[in-house]
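Data first, discussion second: the structure below is written as structure tokens.
Laboratory data are not the source of any read-out in this text; all were calculated from the coordinates shown. Values in this document were obtained by computation on a predicted structure and should not be read as measured data. Counting neighbours? That spans all protein chains shown, and the Cβs are built from the backbone with ideal geometry, glycine included.
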């Protein structure tokens, strides 16, 4: 599924985030920035040691206590097709009344802002926080799509945003969210 919002293409694809050839892929990182499970582990494994070494430097110089939820940092893409990895920490789901929607929206907005500041034109997102962090995908997809659409309508420079979904069910959920947010059939 593809649409235009602002001056950008917004695309939903079924696939593997580590195989995207956009300028950057987004890592749903944990605060340590040192890899882990799910998307984070896959990106670190496939991207190689170079990503981990840059993450260690970021931790040492900027975030010794870990990357705060909603913030974003950038590293090389290492051995990935993407030239860069934008690491962001999404919120852990705690029922939805502990600021999770705003923190999740910040993770998307800060990733897009960092991409723009770095001169990147294309970016691929996974479904942040919906794996080990337990954010219900029906709720997360709406927050994600809304945050990205609002950002693209207010900012110029990003040409393409992809949401790379891991399963057919996730794809259908994001398609429904996109239709709802953009109010089309």
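Just to confirm the number: angle between the C-alpha axis of helix 38-47 and the first principal axis of the chain, 0 to 90 degrees, nearest 10?
Compared with the principal axis, the helix lies near 60 degrees.
Please report the Cα spread of segment 100-185 along all three principal axes, rounded to whole Å, starting with the longest.
33, 32, 22
Which one of 95, 35, 78 has the biggest mean-square fluctuation once the chain is modelled by GNM with Cα springs under 10 Å?
95
Quick one: pull the percentage of alpha-carbon pairs in segment 1-59 with a separation above 18 Å.
On the way: 730 of 1711 pairs.
Percent of Cα pairs beyond 18 Å in segment 1-59: 43.
With springs connecting C-alpha atoms under 10 Å apart, model the chain as a Gaussian network and identify which of 31, 91, 136 has the largest mean-square fluctuation.
136
Using Cα-Cα distances under 8 Å and only pairs 6 or more residues apart, what relative contact order does the chain have, in percent? Spell out each step's value before the answer.
Values: 382 pairs, mean separation 55.2, N = 185.
Taking the mean separation of contacting Cα pairs over the length of the chain, I get 30 percent.
For segment 2-182, what D do you get in µm² per second when you plug the Kirkwood radius from alpha-carbon pairs into Stokes-Einstein at 4 °C and 1.567 mPa s?
Details: Rh = 15.9 Å.
Here the translational diffusion coefficient equals 81 µm²/s.
For helix 49-61, what angle does its Cα long axis make with the longest principal axis of the chain, in degrees from 0 to 90 and rounded to 10?
80 degrees
Could you give the nm distance between label points at residue 117 and residue 49, where each point is 7 Å from its Cα heading toward the beta carbon?
3.0 nm
Against the longest principal axis of the chain, how steep is helix 137-154, in degrees 0 to 90 to the nearest 10, with axes from Cα atoms?
On a 0 to 90 degree scale, this one is about 90.
Multiply the residue gap between residue 176 and residue 1 by 0.36 nm, knock off their C-alpha separation, and tell me the result in nm, one decimal place. Provide the component values of the computation, followed by the final result.
On the way: separation 175, 0.36 × 175 = 63.00 nm, distance 1.07 nm.
Full extension from residue 176 to residue 1 adds 61.9 nm.
Which value at 222 nm does the chain reach when only helices count, each DSSP H run of 4 or more adding -39,500 (n - 2.57), with the total divided by all residues and rounded to the nearest 500 deg cm²/dmol? All intermediate terms of the calculation are to be shown ahead of the outcome.
Values: 5 runs with 74 residues, N = 185.
Theoretical 222 nm ellipticity from helices: -13000 deg cm²/dmol.
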